[in-house]
Every structure is written in structure tokens, then in C-alpha cells.
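First up is the structure itself, then whatever we jot down about it.
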Amino acid sequence: MLNQEQSLVEQSRNALIGKTPINADGFGLAWYPQRQEPCFYKDTNPAWSDANLKQLAHHTQSGLFLAHVRASTGTATSRNNCHPFGKDNWCFMHNGQAGGHEQIRQRLDGKIPAGHYTHRFGATESEAIFLIAHGEGLDADPIGAMGRAVMHVEALSRENGAVPFMRFAACWSNGKKLFAARYASDRFAPSLYYRVGCDGIIVSSEPLDADQSEWSEIAPSSAIETDGLEVVAHSFLVEDAQEKSDVGDRCRSNRTIV
């Protein structure tokens, strides 16, 4: 959060790889204490100006946490629109966009199952993707369900929205494992990297230090999962050469130990 050369707070005011160098439209943390459900701290201030964030980062210990700084693609700057989002034991954060969000927003909300809509607190496509994934079976199939949700939202954008139809780099967790995926409908998938160290595994939108040799880039149309000890690689929304695969085929996972 604070002490790396390119820490998350530093990325909020000077991101080196992301689409925008300034990410000042709020921030959020999610971490797993001694409960199954994550704890959240969010605010609309820039991360670099929040004294409470510095205190929390210094005193909070957890084996698994997610942290995000936000640059809005159009929705309001509010706590409800700050990542990570949560439901039950799951939390989710996302970089990217669905093209023409304002044109598809009503239909997008219609894709969220009624049983999950009570957790629709904000207005972002990111939160909608997360809740749609729950309806697709996130508990049983974390990567496949997320892939199906992304594909449903991309389809809406293609029908009614604007380019880019989908850009997606995300992390999500059930408190036991962390999942991450990178995808785009064009050539410009948002960046995503991971590093395996002696004290755990870090997934980040850009390397946290100048020594990039220790960082591995997650390729577009790829996903990983980790329990903090090993990294397992999967395919994510890989179309066949004929572009005729159905939802199940496109979201099928090919498992590889990294």
C-alpha cells in the first residue's frame, strides 16, 4: 500500500502503465480478518490524502487483501462506486470499462438476478459484472462464472453501446483463494502482473518496484488463481479460430501450474 517504490498510493497520483496516470476518484480496501466475510474501507478522497488509510495499512494484518484506486469512466464519485465490491464472502475489483455504459445501463441491471440485486448499491458496470457472475455460479465456478458475466456485458455493449466493447482486468476472492483475469474485445487489455515471493503472492496492475524481472505479466485472455502458495494459470474467454464457440466452450478453463 505505502512502502513500495510504486505503491498503490503512488499509483493513485502517478501510475506508470495504466490508462490514466491520476487515479483520484476514490479508493477502497477489502481484507479478511477472523471472519469469512471481508471487511471494507472506502472513501472518495484521493488515496494519497487519507490519513486513516495510512493508519489502517500500518496496523491491519491479513493473509489476503484487495486494494484499489479509482479513475472514473463516467459514473459519479461516491463510496458506493468505489471498489472493491462485496457480497457474502466474496469481494471484487476491476479496471476497465464496457463501452457505451449509459446506453446499456438499464439492460445491464436487468441481467442481475433478483436474488442478488439487493447488493446493487452503486451504478458502475464493474459492480454489475460482479453480481451477474454470482448468478452464473461464482461459488462453484469462480473463473467460468466471471467469464460468462463478462461475455454477457460485452454482448450488450456490442448491441447497444460503443467501442471499446469490453476491457477487463480484475481480481476477486472468496477469502480462501484469489482469482485474477485479463481480457479485452480489442488489443488493449488493461495491464495485470503478479509476483511470487517468499512472503506470498502479489497481483498488481503494474510492478511495484523497478526490478521487473521478478514480475510476470498475465497475458490477455488469461486468468490465474492462487492460494498464496502456488499460481495456477487458466484460459479466459478464448475464442476458437471460427469464433463459433458457445458460452460454455469459451469459458472452459485449461489448468496449468505456474
(message) Just to be sure I understand: with springs between alpha-carbon atoms less than 10 Å apart, which residue in SER213, SER205, SER72 has the highest mean-square fluctuation in the Gaussian network model of the chain?
(response) SER213
(message) Quick check: net charge around GLU159, other residues with Cβ under 15 Å of its Cβ, Lys/Arg +1 and Asp/Glu -1?
(response) +1
(request) Starting from the residue with the highest accessible area, list TYR117, TYR193 in decreasing order, probe 1.4 Å. (result) TYR117, TYR193
(message) Could you identify which residue out of ASP50, ASP199, ASP209 has the top mean-square fluctuation in a GNM of the chain using Cα springs shorter than 10 Å?
(response) ASP199
(message) With a 10 Å cut-off between alpha carbons and a GNM built on the chain, which of SER173, SER49, SER78 moves the most?
(response) SER49
(message) If you consider only alpha-carbon coordinates, what radius of gyration and Dmax does the chain have, in Å?
(response) 17.1, 53
(message) Counting only other residues whose beta carbon sits under 12 Å from that of TYR194, what net charge do I get with K and R as +1, D and E as -1?
(response) -3
(request) Grab the DSSP H runs of the chain that are 4 residues or longer, score each as -39,500 (n - 2.57), total them, divide by all residues and round the 222 nm result to the nearest 500 deg cm²/dmol. (result) -7000 deg cm²/dmol
(request) With N denoting the number of residues in region 1-152, provide Rg(C-alpha) divided by 2.2 N^0.38 Å, to two decimal places. (result) 1.05
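The values are calculated or read from the model by the stated rules, or taken from the named source; none is laboratory data. Please read all numbers here as calculations on a predicted model, not as lab measurements. Methodologically, a virtual Cβ is constructed for each residue, glycine included, from the backbone with ideal geometry; neighbour enumeration extends over all protein chains shown. Each accessible area value is taken on the protein alone, full model and side chains, heavy atoms only, with ligands, DNA and RNA left out. Shrake-Rupley method; radii C 1.70, N 1.55, O 1.52, S 1.80 Å.
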